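Asks: The structure that follows is given in the form of structure tokens.
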Amino acid sequence: MLELKHVQKIYNRGEVTETTLFDDFSLTVADGEFLSIVGSNGSGKTSMLNIICGSIPIERGDILIGGKSMVGVPEHHRYERIGRVYQDPAMGTCPSLTITENMALADHKGGRFGLSRGINKARTAAYREMLASLGLGLEDKMDVRAGALSGGQRQAMALIMTTMTPIDFLILDEHTAALDPKTAELIMEITDRIVKEKHLTAMMVTHNLRYAVEYGNRILMMHKGGIVLDRKGEEKKNTSVQDLLGLFTAISIECGN
């Protein structure tokens, strides 16, 4: 279980541009939930993910994973329990390394690197099998550098690499936004399959309202650092894109846009 308790986040504290994004913000994500998060720019979606992952500090409050506080825990230690896939496909893989080398690095996440060979040949067959499940032919390009792959291929690889070692949470930060529509559909299908097969708890920020409606079992809409919609289960299943558009419109009118 993930818990954000009474979180306060202030940007540019003490400056003319000081802005309070979160003030007494709380959220609980139960084990096994696949949470889709939507909202306008500046609503706090990505900032919330950054707070969970430890990329940015908070002024007040607590972040708990499995009942253990993460406040003060360095970002790299949090990633021992959290996997994250970013909007930019280039951020999930090392372009100068081959597919095999990238997979080997991911395979050692959280482990110690000694003076032994970096690639265990006994694991290469396992890497091929994992990649074959994507249906992109990557298992036949094991010696190709990741930088030579398409954005969709790299994003699919990033999904596999992020979930190779045991994690508690999968964070998806607009991970289809930089892809063409056809590739984005494929990445969403792969995402859904991985989340279900590995029984992961997932949080997905997206601007694609259809994806938010079709995938996951809970949906949040954020606005100005607060939650204006929170639906799960049957209520989430009965939520349509038009429902979300209607709320977006109402908020826009209220804000004078």
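The values are calculated or read from the model by the stated rules, or taken from the named source; none is laboratory data. Worth saying up front: this structure is predicted, and the values here are computed from it rather than measured. In this analysis, Cβ positions are derived from the backbone assuming ideal geometry, glycine residues included, and neighbour counts consider all displayed protein chains. Each accessible area value is taken on the protein alone, full model and side chains, heavy atoms only, with ligands, DNA and RNA left out. Shrake-Rupley method; radii C 1.70, N 1.55, O 1.52, S 1.80 Å.
Asks: Please work out how much length the chain gains when fully extended from Val16 to His77, using 0.36 nm per residue of separation minus the C-alpha to C-alpha distance, in nm with one decimal.
Replies: Details: separation 61, 0.36 × 61 = 21.96 nm, distance 3.40 nm.
Answer, rounded to one decimal: 18.6 nm.
Asks: Lys/Arg Cβ at +1, Asp/Glu Cβ at -1, dipole of the range 162-232 taken about the Cα centre: which of Met164, Leu220, Leu200 is farthest positive-ward?
Replies: Leu220
Asks: OK, next. Counting only protein heavy atoms and using a 1.4 Å probe, what share of the accessible area of the chain belongs to carbon plus sulfur, as a whole percent?
Replies: Answer for the chain: carbon and sulfur cover 51 percent of the accessible area.
Asks: With just the Cα atoms defining each centre, how far is the range 39-107 from the range 121-163? Give it in Å.
Replies: For the range 39-107 versus the range 121-163, the Cα centre distance is 21 Å.
Asks: Over 19 Å, how big is the tail of the calculated P(r) for the range 108-224, in percent of all Cα pairs?
Replies: Distances greater than 19 Å cover 53 percent of the Cα pairs.
Asks: Putting +1 on Lys and Arg Cβ atoms and -1 on Asp and Glu Cβ atoms, find which of Ala122, Leu4, Ile58 reaches farthest to the positive end of the dipole of the chain.
Replies: Value: Ala122.
Asks: Now a separate question. Take the range 1-127, compute every pairwise Cα distance, and split them into 10 Å bins from 0; I just need the percent in each bin.
Replies: 10, 33, 30, 19, 8, 1
Asks: Continuing with this model, one more query. Suppose every K and R has +1 on its Cβ and every D and E has -1 on its Cβ; what is the size of the dipole of the range 55-166 about the Cα centre, in Debye to the nearest 20?
Replies: 240
Asks: If amide hydrogens are placed 1.01 Å from N in the peptide plane, which non-local residues have theirs closer than 5 Å to the one on Leu200?
Replies: For Leu200, no residues qualify.
Asks: Now for a different question. Are any of the pairs Lys198/Lys232; Lys68/Lys121; Lys182/Lys237; Lys45/Lys141; Lys121/Lys182; Lys141/Lys198 more than 32 Å apart by Cα-Cα distance, and if so, which?
Replies: Lys68/Lys121; Lys45/Lys141; Lys121/Lys182
Asks: Rounding to the nearest 20 debye, state how big the charge dipole of the chain is about its Cα centre with +1 on each Lys and Arg Cβ and -1 on each Asp and Glu Cβ.
Replies: Numbers: 29 positive and 32 negative charges, 132 e Å.
Dipole magnitude for the chain comes out near 640 debye.
Asks: While we're on this one: Please compute the length gained on full extension between Glu185 and Ala30, using 0.36 nm multiplied by the number of residues separating them and subtracting their Cα-Cα distance.
Replies: Between Glu185 and Ala30, full extension yields 53.2 nm more.
Asks: Along its principal axes, what span do the Cα atoms of the range 37-111 show, with the longest given first and each in whole Å?
Replies: Projected onto the principal axes, the Cα atoms of the range 37-111 cover 42, 32, 17 Å.
Asks: As I understand it, the dipole of the range 102-257 uses +1 on the Cβ of Lys and Arg and -1 on the Cβ of Asp and Glu, about the Cα centre. Which of Ile190, Met142, Ala132 lies farthest toward its positive end?
Replies: Final value for the positive-end residue is Met142.
Asks: Also, quick follow-up: Assuming 0.36 nm per residue, please report the length gained on full extension of the stretch Leu97 to Lys109 beyond their Cα-Cα distance. Write out the running numbers ahead of the final one.
Replies: Working: separation 12, 0.36 × 12 = 4.32 nm, distance 1.61 nm.
Fully extending the segment from Leu97 to Lys109 adds 2.7 nm.
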